[in-house]
Amino acid sequence: APEAEAEPAASRPRSTPPVRALARVLGVDLSQLTGTGPTGLITREDVRAQLARPAAEE
Amino acid sequence: MSEQNFDLVVLGGGSGGYAAALRAVQLGLTVGLIEKGKLGGTCLHLGCIPTKALLHSAEVADVSRESAKYGVKTQFDGIDMQAVTTFREGIVASKFKGLQGLIKARGITVIAGEGRLVSPTTVQVGEDTIVGKNVVLATGSYSRSLPGLEIGGRVITSETALELDYVPRKVAVLGGGVIGVEFASVWRSFGADVTIIEALPHLVPNEEESVSKQLERAFRKRGIEYSLGIRFQSVSQDESGVVVTLENGSTVEADLLLVAVGRGAATAGLGFEEVGITVDRGFVITDERLATNIPGVYAVGDIVPGLQLAHRGFQHGIFVAEEIAGLNPIVVEDLNIPKVTYCDPEIASVGYSEAKAAEKFGTDKISTYEYNLGGNGKSSILGTSGSIKLVRVVDGPIVGVHMIGARVGELIGEGQLVVNWEAYPEDIAPFLHAHPTQNEALGEAFLALAGKPLHAM
Amino acid sequence: MSEQNFDLVVLGGGSGGYAAALRAVQLGLTVGLIEKGKLGGTCLHLGCIPTKALLHSAEVADVSRESAKYGVKTQFDGIDMQAVTTFREGIVASKFKGLQGLIKARGITVIAGEGRLVSPTTVQVGEDTIVGKNVVLATGSYSRSLPGLEIGGRVITSETALELDYVPRKVAVLGGGVIGVEFASVWRSFGADVTIIEALPHLVPNEEESVSKQLERAFRKRGIEYSLGIRFQSVSQDESGVVVTLENGSTVEADLLLVAVGRGAATAGLGFEEVGITVDRGFVITDERLATNIPGVYAVGDIVPGLQLAHRGFQHGIFVAEEIAGLNPIVVEDLNIPKVTYCDPEIASVGYSEAKAAEKFGTDKISTYEYNLGGNGKSSILGTSGSIKLVRVVDGPIVGVHMIGARVGELIGEGQLVVNWEAYPEDIAPFLHAHPTQNEALGEAFLALAGKPLHAM
Ligand SMILES: Cc1cc2nc3c(=O)[nH]c(=O)nc-3n(C[C@H](O)[C@H](O)[C@H](O)COP(=O)(O)OP(=O)(O)OC[C@H]3O[C@@H](n4cnc5c(N)ncnc54)[C@H](O)[C@@H]3O)c2cc1C
Ligand SMILES: Cc1cc2nc3c(=O)[nH]c(=O)nc-3n(C[C@H](O)[C@H](O)[C@H](O)COP(=O)(O)OP(=O)(O)OC[C@H]3O[C@@H](n4cnc5c(N)ncnc54)[C@H](O)[C@@H]3O)c2cc1C
């Protein structure tokens, strides 16, 4: 029998493609974020919030 | 008399059941798949596939009839039902062969026979006992009728309608839902007179209201008659035909009455209730992760209340296999599953209608845009009219896509991703769609909703 | 003699130019749009729209011819070129009317006449001087020929091919790119014998190689002949026809030779170089934000080296208007723009071919999957064969989508979003596509690439 595979999802940035695309455009690094969406998904709001954060925090 | 043991036992080899089986073996589980009829179930043998073959024959008839408009000289000499049948059966046979081959190649054990659930882990098939660590119920659905409306003779369901070996002169169709309008469309293209009887105020009442209205207009133009908002009362039949009487006393005469008023769950007498599974009017009740109230027993496809669609069955099947394997798959609500109605004009939708979005998010929290296919070059070339309506949350995601027009069913994949990924029109706007396609109409609608219509005001 | 002043002056009213104008007025700029011919340019009058009308007539002819297979009794009596022309012209006329209405309604000032750039801010149109704070060059393209190959008589370009009032008995087509294969496909469907001559080793050489090979197979089955990998040497013509000689000495006889070897930029004699704009073999050189080397002067559409497609023109036009208005729009590379070739079978693609992806990411860093449309119910019903090939980065996004088969052009919108958003197959896998559509084949391919094929091994 074929081996039970783990979803390769682990390697996938935890967000939806359009939000990841937005993050790329805005220059936000998703790996710096904790998602507040369902099951920890990074939402559009998380990306925007990161952008709004003062530079001092970085 | 034997006992067979599997990681997973699936009862019913239709879209939902075989998808569960295929995914489960992929994940390393052993699977016993019990099927009393033919693998592929309703969809392959009596549903999606054969009806779409008929609808294609219908399309070919319409194209041939109207070919002069495009500069093609053809003479249309009618329908050869025997050849239509050969075509339809050929398509089904080749898909059936493919499916059987796939199921065999993947190493699924198929058990032929009618199964009955005798315990949360056991299905009895004749003399044989089939035991699974988990059980998936996937016994599908059957054509329902109305109380007092008996099927037989000239009063038929979709199963008989599919296999007619002649084109009726005149048909009455009870029910203006998906199955009703698809058959109405086929028969009309084949030259029959058709009258649809729908108790609700609109055809395809589960679709966006503006889409229903456009379908009604298009059907009227095609000469398909319909009665809306008045309920069926009774039908009588004799050698020459049927007479349908509505609650307001009006009558419809026809050769045949197709009853297409919905499908019930095929669960009676299969032991589900006896084993303690919660069943409501025949449907198996599950939580959103498709688990029944009995641990280890899941249900998928048409027996689970909600949309009755083959790809929902596929999705359910895959979901349950992954759930059992511990992969924690994501739930996709029915609302976010694409629906296609393959009549002419075609209808496709996913997500919230305007009315439902207004209810959910508030009337002033949503905005909509309707792009007329009249502005789309490819649609004009195809000679189709129709529209694409989008619903978004103000400053928020697109939550609904509703289309009507020739071939729009093929555009719903994009709509499906957009809605499920909660994309904003602004996310899509930079990506101009290929010109000249119908797909571009979807692009124009996104552009407009992003506040920057290109070929529209 | 007058002087008119605008925020933006656009030279050329084709896809690129009018899109820039439309978006600029939306953003509050005043716009003067200079057009010497007809608004809509090549695409509307001599390109996309009229060719796709022809291709639809061709499709109707094929459907009528093969209708018996679907149970529809028809007799195909040939092509009525006058009616084909009426249809084609009617489509163009109605789109033209729509575009003129739109441009007027949006408040764009259209200046009729041939413009010449006389300074970075000034275009001279006859006696009139048109001044803009910014200038967009959008003068489009023209059919090129080869050195020594003179157009005239029986040696024609797409412009003449479009307007033929008869179906040739036999045509030679020089060039197996998009325009060449589209005309070859039309003529074949209309009943002509066709031979394509392509110097490169494959038809549609800009597409994925496996797609080219499938097209070659399909064309061979349709009776379209082709010569690959051997260059054109010369052509002679007399009253009875043309004789084309290739470099290996072989010859092709035909009634006509269509020259479809690419399109040059229509920039000669328009003053661009004199004003100091960098021009290379006629094409205007820009940075990735479409700015020329002269501040305030931009170029869009076919005169900018790269893909020559109408929707690229639209995108360029919108981009430049937004750039000028300070909106900082995002750049979309040519690679991520969808391409559709509307011959039968149709071809559609976006993103990296397998070969280019291997070059960019490394052979062992990519994986591909090819789904055969033979497994797709709707494609079988349509009677088409073909495939969908996907290219992904290992554990990374989908970077290429390559399709061939009837009607696949309509599926590219989904591919386009997926590639541009860098979606992973795993992002899409939970969303089962509508059954039975061709769109579902794309879904199956994504599922397979996510490691969980449904209806495939
Ligand atoms: C006319 C028509 C057209 C349709 N068109 C479309 C369409 O275009 N697109 C779409 O998405 N959907 C369409 N559908 C719906 C689609 O067919 C169903 O949603 C789908 O088949 C449901 O799959 P399922 O696995 O739940 O049930 P089914 O496909 O009904 O499969 C159930 C299987 O279980 C078997 N079975 C039942 N009881 C037992 C038992 N006790 N023991 C052993 N085996 C058993 C049956 O023989 C059957 O094979 C259409 C349906 C109809 C009727
Ligand atoms: C046969 C054929 C089929 C095609 N099919 C497709 C297809 O299916 N899909 C697709 O995407 N693309 C297709 N194309 C390509 C498409 O037509 C071009 O990419 C598109 O038209 C380019 O737009 P443009 O604005 O750059 O130039 P054009 O459309 O060529 O417009 C340039 C305009 O500028 C005007 N102009 C030029 N010089 C001057 C001047 N000095 N003063 C005033 N006005 C001037 C011209 O009159 C013209 O109207 C096809 C092309 C051809 C030839």
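The values are calculated or read from the model by the stated rules, or taken from the named source; none is laboratory data. In this text the structure is predicted, and so the values were computed from the model without any measurement. Cβ sites come from the backbone with ideal geometry, for glycine too, and all protein chains shown count toward neighbours. Areas reflect the complete protein model, heavy atoms only, side chains present, ligands, DNA and RNA absent. Shrake-Rupley method; radii C 1.70, N 1.55, O 1.52, S 1.80 Å.
Of the set (1) over 29 Å from the mean Cα position of the chain (by Cα); (2) farther than 30 Å from residue C:57 by Cβ; (3) more than 12 Å from ligand 1 (Cβ to nearest atom), all apply to residue B:106 but (1).
Among the residues of segment B:1-39, those identified as small (Gly, Ala, Ser) and either in a helix (DSSP H, G or I) or buried (at least 24 other Cβ atoms within 10 Å of the Cβ) (or both) are B:12, B:13, B:14, B:15, B:16, B:17, B:19, B:20, B:21, B:24, B:32.
Within segment B:159-189, how many residues turn out to be outside any helix (DSSP H, G or I) and open to solvent by 20 Å² or more (accessible area, probe 1.4 Å)?
6
Close contacts from segment B:15-31, counting a first residue that is at positive phi and a second that is open to solvent by 10 Å² or more (accessible area, probe 1.4 Å) and away from ligand 1 (no atom under 11 Å from the Cβ), with Cβ to Cβ under 8 Å and a gap of 6+ residues or different chains, come to B:28/A:1; B:28/A:2; B:28/A:3; B:28/A:4; B:28/B:325.
Is it the case that some residue within segment B:114-136 is exposed (fewer than 14 other Cβ atoms within 10 Å of the Cβ) and acidic (Asp, Glu)? The answer is yes, given that some residue of segment B:114-136 is exposed (fewer than 14 other Cβ atoms within 10 Å of the Cβ) and acidic (Asp, Glu).
For segment C:381-390, check the following and say yes or no: at least one residue is within 12 Å of chain B (Cβ to nearest Cβ) and hydroxyl-bearing (Ser, Thr, Tyr). Yes, segment C:381-390 contains at least one residue that is within 12 Å of chain B (Cβ to nearest Cβ) and hydroxyl-bearing (Ser, Thr, Tyr). Could you please find all residues in segment C:53-73 being buried (at least 21 other Cβ atoms within 10 Å of the Cβ) and at the interface with another protein chain (Cβ under 7 Å from one of its Cβ atoms)? Listed by number, the residues that qualify are C:53, C:56, C:57, C:60, C:61, C:63, C:64, C:67, C:70, C:71, C:72. Against the conditions (1) in a helix (DSSP H, G or I); (2) more than 14 Å from chain C (Cβ to nearest Cβ), residue B:419 satisfies every one except (2). Tallying residues that are within 14 Å of ligand 2 (Cβ to nearest atom) and either open to solvent by 10 Å² or more (accessible area, probe 1.4 Å) or farther than 14 Å from residue C:12 by Cβ (or both) within segment C:291-303 yields 2. Within segment C:268-302, the only residue that satisfies the criterion of being touching a helix residue (DSSP H, G or I) at 6+ places or on another chain (Cβ under 6 Å), assigned to a strand (DSSP E or B) and β-branched (Val, Ile, Thr) is C:284. With the structure loaded, tell me whether residue C:363 is more than 26 Å from residue C:182 (Cα to Cα), at pLDDT 95 or above, more than 14 Å from chain A (Cβ to nearest Cβ) and surrounded by fewer than 22 Cβ atoms within 10 Å (Cβ to Cβ) or whether it fails that test. The answer is yes for residue C:363. Scanning segment B:148-199 for residues that are in contact with a strand residue (DSSP E or B) (Cβ under 7 Å, 6 or more places away or on another chain), closer than 14 Å to residue B:232 by Cα and in contact (Cβ under 8 Å) with a residue 40 or more places away in the chain yields a total of 9. For residue B:38, the conditions (1) within 15 Å of ligand 1 (Cβ to nearest atom); (2) under 29 Å from residue B:383 (Cβ atoms) all hold with the exception of (2). Within segment C:92-105, the set of residues being surrounded by fewer than 17 Cβ atoms within 10 Å (Cβ to Cβ) and either more than 15 Å from ligand 2 (Cβ to nearest atom) or farther than 27 Å from residue B:373 by Cβ (or both) comprises C:93, C:94, C:97, C:101, C:104, C:105. Among the residues of segment C:395-404, are any open to solvent by 10 Å² or more (accessible area, probe 1.4 Å), within 14 Å of chain A (Cβ to nearest Cβ), farther than 20 Å from residue B:103 by Cα and modelled with pLDDT of 95 or more? Looking through segment C:395-404, at least one residue is open to solvent by 10 Å² or more (accessible area, probe 1.4 Å), within 14 Å of chain A (Cβ to nearest Cβ), farther than 20 Å from residue B:103 by Cα and modelled with pLDDT of 95 or more. Selection within segment B:326-344: residues that are away from chain C (no Cβ under 11 Å) and open to solvent by 10 Å² or more (accessible area, probe 1.4 Å). The member of this set that is nearest to residue B:400 (Cα to Cα) is B:335.
Can we say residue B:272 is over 26 Å from residue B:336 (Cβ atoms) and of a type in the set (Phe, Trp, Tyr)?
For residue B:272, the condition - over 26 Å from residue B:336 (Cβ atoms) and of a type in the set (Phe, Trp, Tyr) - is met.
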